[in-house]
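What follows is a single structure, written as structure tokens, with notes after it.
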Amino acid sequence: VQSQLVGKKVLLIDEVDDTRATLAYCVGELLKFKPEEIAVLVLHNKQKDKDVEFPVEIKRYFSGLDLGDVWIKYPWDADDIEEHTTNERIMLEERAKERT
């Protein structure tokens, strides 16, 4: 991975900037690979105080929509993680059978 990112421009994309903890962690990990630049794009930015700030290396930040601190239900979110896990296992088993 390092050789693929050294000196490159990286765009980090996430669905929501809520507390910023996940985004800041990802940025920190990416910076270890010495990219030329990292920009951040989020679908939704919750306009509230963040738990952490981005490092100074982040010069460009884009959000599709700025909104208040509301719960966002994305279509890919699982309502019930146990049901989701069971359905995923069944799907993978069916795919494995189709390949044999």
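Computed from the coordinates by the stated procedures, all read-outs in this text should not be read as laboratory data. Because the structure is a prediction, the values reported are computed rather than measured. Note that each Cβ is placed from the backbone with ideal geometry, even for glycine, and that neighbours are counted across all protein chains shown.
Only sites in a loop by DSSP and with at most 10 other Cβ atoms within 10 Å count here; which trypsin sites (Lys or Arg not before Pro) in the stretch 56-97 make the cut?
Working: sites: 59, 60, 73, 89, 95, 97; in loops: 59, 73.
Of the trypsin sites (Lys or Arg not before Pro), the ones in loops of the stretch 56-97 whose Cβ has at most 10 other Cβ atoms within 10 Å are 59, 73.
Would you mind giving the average projected area, over all directions, of the Cα convex hull of the chain in nm² with one decimal?
On the way: hull surface 36.9 nm².
Computed as one quarter of the Cα hull surface, the answer is 9.2 nm².
What are the residues whose amide H is under 5 Å from the amide H of residue 63, where those residues sit 5 or more places off or on another chain and H is modelled from the backbone?
42
What spacing in nm lies between the two simple spin-label points modelled at residue 36 and residue 60, each 7 Å away from Cα in the Cβ direction?
1.1 nm
Of all GluC sites (Glu not before Pro) in the stretch 9-44, which ones are in loop regions per DSSP and have a Cβ with at most 15 other Cβ atoms within 10 Å?
Working: sites: 15, 29, 36, 37; in loops: 36.
Here the GluC sites (Glu not before Pro) that fit, given the DSSP loop and packing criteria, are 36.
Amide H neighbours of residue 16 under 5 Å, at least 5 residues apart or on other chains, H built in the peptide plane: list them.
When sequence neighbours closer than 5 places are left aside, the close amide H contacts are 43, 44.
Return the lysines within reach of residue 48: Cα separation strictly under 23 angstrom, same-chain partners fewer than 8 residues apart disregarded; answer none if there are no such residues.
59, 73
Kindly provide the chymotrypsin sites (Phe, Trp or Tyr not before Pro) of the stretch 28-100 that DSSP labels as loop, not H, G, I, E or B, and whose Cβ sees at most 11 other Cβ atoms within 10 Å. Intermediate values should be presented prior to the final figure.
Details: sites: 33, 61, 62, 71, 76; in loops: 33, 71, 76.
The qualifying sites are 71, 76.
With r defined as the distance between the Cβ atoms of residue 1 and residue 70 and R0 fixed at 25 Å, what FRET efficiency is calculated, to the nearest 0.05? Working shown, then result.
Values: r = 35 Å, r/R0 = 1.41.
Using R0 = 25 Å, I get an efficiency of 0.10.
Calculated from DSSP H runs of 4 or more alone, at -39500 (n - 2.57) each and per residue, what is the 222 nm mean residue ellipticity of the chain, nearest 500?
Details: 3 runs with 34 residues, N = 100.
So the helix-based figure for the chain works out to -10500 deg cm²/dmol.
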